[in-house]
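Below is one structure, written out as structure tokens; comments come after it.
The values are calculated or read from the model by the stated rules, or taken from the named source; none is laboratory data. Everything quoted here is computed from the prediction, not taken from an experiment. Here the Cβ positions follow ideal geometry from the backbone for every residue, glycine too, while neighbour counts run over all protein chains shown. Side chains included, ligands, DNA and RNA excluded: accessible areas come from the protein's heavy atoms. Shrake-Rupley method; radii C 1.70, N 1.55, O 1.52, S 1.80 Å.
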Amino acid sequence: MNNYIIAIDQSTSATKAMLFNEKCEMLHRVNKPHQQYYPKAGWVEHDAEEIYNNALWVVKELLKDENLTENSYSLAITNQRETVVVWDKNTGKPVCNAVVWQCMRGAEICNQLKEAGYGKMVQEKSGLLIDPYFSASGVKWILDHVEGAREKADKGDLLMGTIDAWLIWKLTEGRVHATDCTNASRTMLMNIHTLQWDDDLLKLFTIPRSMMPDIRTCDSTYGETTFEGLFEEPVLIAGVLGDSHGALAGQMCFEEGLGKATYGTGSSVMVNIGEQFAAAPQGLVTSIGFSALGKTFYAFEGNIHSTGATLKWLEQQLKMIDSPNEVEAAANEVEDNGGVYFVPAFAGLGAPWWNDQVKAAVFGMTLATTRSHFLRAALESIAYQVNDLVKAMTQQAGIALKEIRVDGGPTKNQTLMQFQADCLRVPINCSDVEEASAMGAVVMNGLSRCVWSSFAEVAALRKSRWTRQPNPDNEQQMEQLIAGWQKAVQQLIK
């Protein structure tokens, strides 16, 4: 009998199911996108029931050619973080669409709390900055604005959770309401020192404790599921963590000082800072990196709102390209950006700026600007934003990174990856598994089931696909380009 791990990666744009063996080798993958809803300017929603149904579909499709009775399976989950669902525990129905991490509807709530002086208390307890990016303001908005929600919550009839908790609750038919500590650390409601929901934070956002899921370690078990009858015998759910944390573990960053950059709809730069909490440098946050084998590792993190989303916007909204894959060829049609800088602040600017009031803008266009210049500027904006984060970590926190380990779809774009290495002046190392978030969930699943007994045993399984070295001859040119980017950003945040 073969032992396989099914990894569900529920991302911002799609739900993916991947089949891994216990050598951390991905054997098969299925992907199904879900609808994005934009009911108002700055608002972003997902249909949580669509996401759950897609999760069932991708797993069924993944296993359609497998003999389910002759092999052993378990399930691991990684997910888009901060996106939050509120549902009725009696009916199992969400009270409204999920509030996505990109959604700005909680901005007024956050601004009021910051103006009232709660910023220091929130950061000391949660490790986070008060921002609508995190889940708490979305939950409060739902309770305050969806008809009947507040009354139901006060009576104990509503539950809340990030997407992992929603999927676990649905897959276990309501038997398990649980989340892991990485997802919990991104809600702005968990005390990062105790790894428990904080009464002061819940009170601040007027969220009843009865709504909250149980917090568990990443390598815990989370119940069993038959995927609504797909399996005759229940499958163990083991190994759960948020996608960026999954990438940290999937890139085998098990030691203090190792870091990774995930390129997705948005992007996350995360550095393992060890088992002791430390206040983040200005503009960054402290999160739980991961918790497993009886140890909890903290991480400095910065999040960028729009990286891959920028390329999708060029495709879907402006119709400038038919696919994000076209951007690389177009960018290479010109020698440089022609003085054009694109700041993709579609949902404000994330770390290290944390300014939710600015809007996206393009600077430096002239009559000589071409489509290729515009697309190159959009591509370069991804690297500039990651560079901002890494510099904030290294310069303010005194952390010297020897290399950045990268993952995500945009890593296929070799022009972007070389430009990133040139910006950072350090090597860029890409794992041979593109879906590092899912790999991290698989790692936690294996640790939970005692497939591996130590981090060192798992780290030995990592394979590198390629490394991009910074060009030694263009350092001065890169300094000038980065200065141009900084000037463009400063014009927006003044």
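Note on ASN21 and PHE277: the model spin-label points, each 7 Å out from Cα along the C-beta direction, lie 4.3 nm apart. Do any of LYS93/LYS203; LYS16/LYS260; LYS203/LYS494; LYS93/LYS152; LYS312/LYS359; LYS40/LYS494 go past 23 Å between their Cα atoms, and which? Over 23 Å Cα-Cα: LYS93/LYS203; LYS203/LYS494; LYS40/LYS494. To the nearest 10, the accessible area of HIS193 is 90 Å² with a 1.4 Å probe.
Measuring between their Cα centroids, segment 401-452 and segment 60-126 lie 23 Å from each other.
The Cα-based radius of gyration and maximum Cα-Cα distance (Dmax) for segment 17-75 are 15.5, 51 Å. Ranking GLN395, VAL362, ASN474 by how far each Cα lies toward the positive end of the dipole of segment 342-494 (charges on Cβ) leaves VAL362 at the top.
Once the dipole of the chain is set up with Lys and Arg at +1 and Asp and Glu at -1 on Cβ about the Cα centre, which of LEU62, SER135, GLY446 lies farthest towards its positive end? Projecting each Cα onto the dipole axis, the largest value belongs to SER135.
A DSSP coil position with no more than 12 other Cβ atoms inside 10 Å describes the following trypsin sites (Lys or Arg not before Pro) in segment 71-173: LYS155. Full extension of the chain between GLU228 and ASP336 gives 33.5 nm of extra length, using 0.36 nm per residue less the Cα-Cα distance. Computed across segment 285-416, the Kirkwood hydrodynamic radius from all distinct Cα-Cα pairs reaches 16.4 Å.
With contacts taken as Cα pairs under 8 Å at a separation of at least 6 residues, the chain carries a relative contact order of 14 percent.
In segment 165-273, the alpha-carbon atoms span a convex hull of 135 Å³ per residue.
Per-residue ellipticity at 222 nm, computed for the chain from helices alone with -39500 (n - 2.57) per DSSP H run of at least four residues, works out to -9500 deg cm²/dmol.
Put a plus charge on the Cβ of each Lys and Arg, a minus charge on the Cβ of each Asp and Glu, and nothing anywhere else: the dipole of segment 229-338 about its Cα centre is then about 400 debye. Here the contact order of segment 308-420, divided by its residue count and restricted to Cα pairs under 8 Å and six or more residues apart, works out to 28 percent. In this simple spin-label model, placing a label point 7 Å from the Cα along the Cα-to-Cβ direction at both ALA459 and GLN395 gives a separation of 3.0 nm.
Run down the aspartates and glutamates and flag those whose C-alpha is under 14 Å from the C-alpha of LYS140, throwing out any fewer than 8 positions away in its chain. Correct list for LYS140: GLU82, GLU108, ASP131, GLU151, ASP154.
The charge dipole of the chain, taken about its Cα centre with unit charges on the Cβ of Lys, Arg, Asp and Glu (plus for the first two, minus for the last two), comes to roughly 740 debye.
Here the spin labels are modelled as points 7 Å beyond Cα on the Cα-Cβ line, and at GLN317 and LYS60 they lie 3.5 nm apart.
Once C-alpha pairs closer than 8 Å and six or more residues apart are averaged by separation and normalised to the residue number of segment 1-139, the relative contact order reads 24 percent. For ALA361 and ASP154, the difference between the fully extended length at 0.36 nm per residue and the C-alpha to C-alpha distance is 70.2 nm. The calculated FRET efficiency for ASN71 paired with TYR37, based on their beta-carbon distance and R0 = 30 Å, is about 0.20.
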